[in-house]
1. Would you mind ranking Ile218, Ile129 so that the residue whose beta carbon has the fewest other beta carbons within 10 Å leads the list?
2. Taking a 29 Å limit on the Cα-Cα distance, which of the listed pairs Lys139/Lys297; Lys47/Lys139; Lys311/Lys346; Lys63/Lys139; Lys260/Lys311 fall beyond it?
3. I want the local charge near Arg216. Using Cβ-Cβ distances under 12 Å, sum +1 for each Lys or Arg and -1 for each Asp or Glu among the other residues.
4. So who's got an amide H within less than 5 Å of the one on Asp41, skipping anything under 5 residues away but keeping other chains? H placed 1.01 Å off N, in plane.
5. Amide H of Asp308 versus every other amide H placed in the peptide plane: which residues, excluding those fewer than 5 positions away on the same chain, fall under 5 Å?
6. How would the stretch 102-256 be classified by its alpha-carbon gyration tensor: rounded, prolate or oblate, with rounded meaning a/c under 1.5 and the a/b versus b/c comparison settling the rest?
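The numbers here are math on the coordinates, done by the rules we state, and not lab data. The shown structure was predicted, so the numbers you read here are calculated from the model rather than taken from an experiment. A quick note on method: Cβ atoms are made from the backbone with ideal geometry, for glycine too, and the neighbour counts reach across all protein chains shown.
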Amino acid sequence: MAKKRDYYEVLGVEVTADESQIKVSYRRLALQFHPDRNAGDEAASVKFKEATEAYEVLADKEKRSLYDRGGHAAVDGSRGGGGGGYAQTVDLGDLLGGLFGGLFDGGGGGGRRKAGPQPGRDVQIVLDIELVEAARGVKKTVTIQREDHCEKCNGTGAKPGTKPTNCKRCGGQGVVIQQQMFMRVQTACRACNGQGVIVTDPCTQCRGNCRVVGKRTIEVEIPPGVDTGDRIRYQGQGDAGDAGAPRGDLEFAVRVREHKFFERDGTNLVCQWPVTFAQAALGGPIEIRTLVGEKVKYELPRGVQSHDVIKLAGHGMPGRRGSRKGDLMVQILVDTPQRLSPEQEKLFRELAELEKSDVGPLPKKSIFSKLKDLFVPEETPTKPENEPK
């Protein structure tokens, strides 16, 4: 059985793509590979099924969140088609009709406000984390602001003891339909803003808005391997909608701070590691500390040069959706000592003589050494009292 491709790759979108981008990409692929347009073409049929399966997951907020965290294994079996195919047949006429934004026969699309109670807005928050937290995964406790239903009016917007009245212009339907030649154009009612009702005596607490701003504390679970731009979505945790309508979603946009020592390159990590002249020349075991604090032993080869790169496989960032872990790429830097002990000075000069290399002269005495010699005379040995003259 062939390994499934990444759903984002199938639809040709980035992991940060919004719902409209996912829908447009799917429609393009579905029109291209639809069986009605490719009769007898088995390859096109497979691509159509693959695109439809990907769309069913990524277009569903809850399934998409599961997929982003756990890959194919997290959503297999949750689709209506049962583990492998796709749940529903997509009609070619529906696809073509969707391209016109629902303008005909009361589709109500094209960016227009739909009739009836409106769902709550999505709440989006930027969440900053450290690189080591991105590697290990972390739970963050975050306090957010969101709109909740007004408790005084129970979210109706009307003063307690009163009720909203049906809109007279649309008859409580929230939409008006106009006949123009052979077309029927449906739009949201402007009088009631598509809600079908009008509040004549508004609530004094929410002023007819049905909602008030409140605070809520939520624990955000960030999976290992996240990167800047990744999004974590919680369905139904956003702003409250109109009475009878669902809440919006809560979405955290992850932003990973730069590390002072490790740099990220996809799933790989890059760092520099110093070694001494002796280690570089003779080789031998060195111990390198990884981002998460592990100590990894590596046998350094003889004659390693400064800026040579060694690879510690599997010590990079975790892969997402079940992919393999990255590597740690270590650039070796030969550390030149700035201060030498007398013994080190002697050994380096002997090495220079063996190499027939020109080196600088011995350092001159500092002014402090000269002053010490001037004011502290050298001690002369005293003669024993019984020494013959």
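1. Details: Ile218 15, Ile129 19.
The fewest-first ordering by Cβ neighbours comes to Ile218, Ile129.
2. Values: Lys139/Lys297 31 Å; Lys47/Lys139 38 Å; Lys311/Lys346 36 Å; Lys63/Lys139 21 Å; Lys260/Lys311 20 Å.
Too far apart for the 29 Å limit: Lys139/Lys297; Lys47/Lys139; Lys311/Lys346.
3. Details: positive: Arg146, Lys215, Arg247; negative: Glu147, Asp148, Glu219, Asp239.
Neighbour charge sum, excluding Arg216 itself: -1.
4. So Asp41 has HN proximity to no qualifying residue.
5. Ile332
6. Values: a/c = 4.64, a/b = 1.66, b/c = 2.80.
Oblate is the answer for the stretch 102-256, as a/c is 1.5 or above yet b/c matches or exceeds a/b.
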